Amino acid sequence: MKNSLRLLASLGAMILLGACDPESPAGDVVREGYRPVYLSRAALQEVISAAPRELKDAGKIYALGEYVFVNEINQGIHVINNQNPANPRNVAFIRIPGNVDIAVKGNVLYADNGPDLVALDIRNPTDVKVLKRISNVFPNQMYPPQTGVSFDCVDNSRGVVIGWEKATLTNPKCRR
Amino acid sequence: MRNNVLMNALAVVAVAGLFHSCAEDGNSASPGTNGIGGSMARFAIGGDHLYTLDNNSLRVFDISQPDNPVPGAKISVGTGIETLFPYQDKLFIGSRSGMLIYDNGNPGQPTLLSRYAHVESCDPVVVQGDYAYVTLRDGTFCRSGSNLLDVVDIRNLQNPVVVRSIPMQHPHGLGVDGKNLFVSEGAHGLKVFNVADPRNPVQTQYITGVKTYDVIPLNEGKVLLVTGQDGLYQYDYSDATQLKLLSKIPIAH
């Protein structure tokens, strides 16, 4: 409510002032939209096995032998031991920031890790090893998946974009 | 990745090596022990190559040495790319503007064979034999469009022809294993079709009360993996008219 009022006030001000001067304190445009979630390079590259945790925000699934891998959007991969489909066991979480997709050949799991591709040795899912990293092979996320929305423009100096969150934006300059 | 097709292709491929020795009529040619992705996947393995899709490119990585992927070709495939399904020596790409078929005879350098265009919507695709099954759905990310299950005759890969269009509620991922086709209906549940006649899917079961996003039929053991907003479900589909819930792992959100 407050926001709407402020928005109306801002719009009103804009009309009075005759357009958008983002520098004008009275002319701030406040609207709902998306802002990038940044991660530093160092944090992005922390790909490591961790204790199993509750499944959340599930994305894609992948089956390999007795294992099922369940992506948690932008966070990593839950490893499920599915030897008995009537009693699957959650055995590990592989933390892979910015991960959405995976594929496996033999003992090697390929995953997107933000803009990087990583190859992981998953012989022991509770202790994966990074075999190779190909940096910046995928495009940086420059805009959210949604269309018809405002968003804060990406500032690459702040790190790698690994996702988008809903936010109240002040003077957003990007839109798609 | 994908899917199902397990039966044929992947299973063979995939599994053959390692874990079991299934597969009767497998046709895909890749050796080794690849896994099976869902129909929504954008990563796929075919033989010694990893294929990835991003918003507008298909990328190829040479993984003949699995621990040392080497980037290769980057092919522009247009915008709104959604899903990737390798089948035999072809790559099927679901995009917001239709289904693209790439010839993968030279696996390092796929080339476009044809484009089956339809209304703008999101559409994962799976393939079995001479037919592709495509779901189309509407929604914010998918722009306008319809909610349909399309059966596409791909005997002439240069000229895919839709032979059946079945109205759906809000379909997402799908998977096919022999005569069984499983379709996620989003918040509306899970539908099972008999595709013994591939041109004429007949609905045999409709499970409501589960939110579904994608499926993987594991033909070995006849276990259907189903993900959705609330859980990872597994069903026994040895009787495909009467799926039996085996387990559910809850998913928080």
Which listed pairs, of A:LYS105/B:LYS179; A:LYS173/B:LYS74; A:LYS129/B:LYS211; B:LYS211/B:LYS244; A:LYS132/B:LYS90; A:LYS105/B:LYS211, have C-alpha distances above 24 Å, in listed order: A:LYS105/B:LYS179; A:LYS173/B:LYS74; A:LYS129/B:LYS211; A:LYS132/B:LYS90; A:LYS105/B:LYS211
Net charge, B:LYS191 excluded, C-beta distance under 15 Å - Lys, Arg +1, Asp, Glu -1: 0
Globularity ratio of the range A:41-134, using Cα Rg and 2.2 N^0.38 Å: 0.98
Net +/- balance of residues flanking B:PRO171 in space, Cβ distance below 12 Å, scoring K and R +1, D and E -1: -3
3J(HN,Hα) from dihedral phi, the range B:55-65, Karplus parametrisation 6.51/-1.76/1.60, rounded to Hz, x for glycine, proline: 4, 9, 10, 9, 10, 10, 10, 7, 10, 4, 9
Paramagnetic reach from B:ASP62 (point 7 Å along Cα→Cβ, amide N under 19 Å) across the range A:131-154: A:132-135, A:137
Distance between the range A:34-78 and the range B:190-225 - C-alpha centres, whole angstrom: 27 Å
Burial ordering of B:MET99, A:MET142, fewest other beta-carbon atoms within 10 Å first: A:MET142, B:MET99
Per-pair calculated FRET efficiency, R0 = 22 Å: A:ASN136 and B:THR79 via Cβ, rounded to 0.05: 0.60
Cut-off under 5 Å, modelled amide H: who pairs with A:VAL128 long-range: A:SER49
Radius of gyration, Dmax [chain A; alpha carbons; angstrom]: 21.0, 68
In order through the range B:243-253: 3J(HN,Hα) via Karplus (6.51 cos²θ - 1.76 cosθ + 1.60), integer Hz, x for Gly, Pro: 5, 10, 5, 9, 6, 9, 9, x, 10, 7, 7
Total formal charge among the other residues, if their Cβ is under 12 angstrom from that of A:ASP112, Lys/Arg +1 and Asp/Glu -1: +1
Fully extended contour minus Cα-Cα distance, from A:GLN146 to A:GLU46, at 0.36 nm per residue: 33.2 nm
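Where a number appears in this text, it was derived from the coordinates with a stated rule and is not lab data. No experiment lies behind these values; they were computed from the predicted model shown. With ideal geometry, Cβ positions are generated from the backbone for all residues, glycine too; neighbour counts draw on all protein chains shown.
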